[in-house]
Amino acid sequence: ALQTSRTALQRASAFAASGEQPHVAAGRIAFALDLRGPTAMINTACSSAIVAVHTGAASIRTAECPSALAAGVKIILLPFGVDGGVLALDGRSKSFDARADGYGRSEAIAATRLDASGEALTALAGSSVHASGRGASLTAPNGSAQSVAMELALARGSLSASEVGCMQPQGLGSALADPIEMRAVMTVLGTNRLSALAIGCHKANASHSEAPSGLMGLLVAQHALQQLQSEIGR
């Protein structure tokens, strides 16, 4: 066994130590692209990439950097075993559907650039990160905490609920989580409206990519706004 360990060490490349550490990825990207300013890998499970967007926007607002790159990636390299009852039997996420029985897993790479002018990304007026605190269980959503997060984002963006025209909720495809999330959305955004609120979720088409999924939702919303602006401009 000792000889095998020595052989493995001899064969290890110079990148073995850094390659097995996920946090090195952010530094390696900054090195390759010659990026300066705050550099970090953020691991907040399924919200990782969208929290990176929030963090990048905050750094721009405090003048730590004039622009920021936020990205997330999910690649499934190993077979996935027992899921503990969270995966859909047919492998598909059925967001906000009465047939919802869990989520389907997918791979994705998502990235966006933000800058102070707002030209790199459709203007990010405000954002908020808010933990659920104590709930029914570790993974169960907390509707009141979700409402607070939306209210904080609106306040930071100096927006009223009626000014929000579309929404990309998480839409996990869970019989437990989806109704709680939708009630929170309607509590904050669904009252005293003068126009309809469009609600969609990319997971119904592309399944759940986990770490990049929040940013995927933001990019889908951005694309929808760009298409609408294009139609209006014709």
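The values are calculated or read from the model by the stated rules, or taken from the named source; none is laboratory data. Since this is a predicted model, take the numbers as computed values, not measurements. A quick note on method: Cβ atoms are made from the backbone with ideal geometry, for glycine too, and the neighbour counts reach across all protein chains shown. These area figures cover heavy atoms from the full protein model, side chains too; ligands, DNA and RNA do not enter into them. Shrake-Rupley method; radii C 1.70, N 1.55, O 1.52, S 1.80 Å.
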So for the range 103-122 (the condition being in contact (Cβ under 8 Å) with a residue 40 or more places away in the chain and more than 27 Å from ALA224 (Cα to Cα)), does at least one residue qualify?
no
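Yes or no, residue by residue, for (1) exposed (fewer than 15 other Cβ atoms within 10 Å of the Cβ); (2) closer than 16 Å to ALA45 by Cβ; (3) in contact (Cβ under 8 Å) with a residue 40 or more places away in the chain:
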| residue | (1), (2), (3) |
| --- | --- |
| GLN168 | no, no, yes |
| PRO179 | yes, no, no |
| ALA196 | yes, no, no |
| ALA204 | no, no, yes |
| MET216 | no, yes, yes |
| ALA221 | no, no, yes |
Out of ILE42, ILE60, I need the residue that is of a type in the set (Val, Ile, Thr), closer than 20 Å to LEU218 by Cα and in a loop (DSSP other than H, G, I, E, B). Which one?
ILE42
May I ask you to list pairs of residues, at least six apart or on different chains, whose Cβ atoms are under 7 Å apart, with the first in the range 40-52 being surrounded by fewer than 18 Cβ atoms within 10 Å (Cβ to Cβ) and the second being β-branched (Val, Ile, Thr) and part of a helix (DSSP H, G or I)?
THR44/VAL51
Inspect all residues belonging to the range 1-19 and state whether any of them is modelled with pLDDT of 80 or more, open to solvent by less than 80 Å² (accessible area, probe 1.4 Å) and among the polar types (S, T, N, Q).
no
Checking the conditions here, which among ALA175, ALA136, ALA145, ALA131 is hydrophobic (A, V, I, L, M, F, W, C) and open to solvent by less than 40 Å² (accessible area, probe 1.4 Å)?
ALA145
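Here's the yes/no breakdown for (1) over 21 Å from the mean Cα position of the chain (by Cα); (2) of a type outside the set (Asp, Glu); (3) open to solvent by 60 Å² or more (accessible area, probe 1.4 Å):
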| residue | (1), (2), (3) |
| --- | --- |
| ALA58 | no, yes, no |
| LYS74 | no, yes, no |
| PRO79 | yes, yes, yes |
| ARG92 | no, yes, yes |
| ALA110 | no, yes, no |
